[in-house]
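Before any comments, here is the structure.
Any read-out appearing in this document is the output of simple, stated calculations on the displayed coordinates, not a laboratory observation. The model shown is predicted, which means the values in this text are computed figures rather than measured ones. Note that each Cβ is placed from the backbone with ideal geometry, even for glycine, and that neighbours are counted across all protein chains shown.
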Amino acid sequence: MSYSTEPATDTEPMPSRKKQRPSVALILLVWVLLIGAGIAAAYFYSNHLKQSMVAQLDAKWQSQTELMKADYTSQLAALSKEVEELQGKVDTFNELLEFTKDNTSEKTDNSNKLYTQLNEVKQQLAKLQKQMDLLK
């Protein structure tokens, strides 16, 4: 083996260490495109989330509105029934007051108007009976 200090003169050329580098403009363009795509994706995703949240809230509000409407309707029906019962009690009380008023009147002879009118009809019937007897 011999060692020499002379440069080797092989017939093979040495591989070049300089490779083709991409240009700076191309790298900047790729970065701008990636950043733009990220911004666009974030924008579309936020719109999608917003629309889905609005749809969920709308459905929730609709169901709560329906529940409130049903509750309001049932309460209104219960109040209507109570009002009808109270109206019946008021009518009964008014009849009782009218009866009491009739009883305190001097014309009724301690009876209500119905009995007074019945007595008047009986008296007129008795008068007519006497007149018929006279005509026979």
**Prompt:** Can you pull the Kirkwood radius for segment 25-103, inverse mean 1/r over Cα pairs, to one decimal in Å?
**Reply:** 19.1
**Item:** Pairwise Lys count, segment 25-103 - Cα closer than 24 Å, eight or more residues apart or different chains
**Value:** 5
**Request:** Quickly work out the Thr116-to-Lys89 label distance, labels modelled 7 Å from Cα along the C-beta direction, and quote it in nm with one decimal.
**Result:** 3.0
**Request:** Could you tell me which of Ala55, Ser80, Thr65 has its Cα farthest along the dipole of segment 25-103 towards the positive end, charges placed at Cβ (Lys, Arg +1; Asp, Glu -1), taken about the Cα centre?
**Result:** Ala55
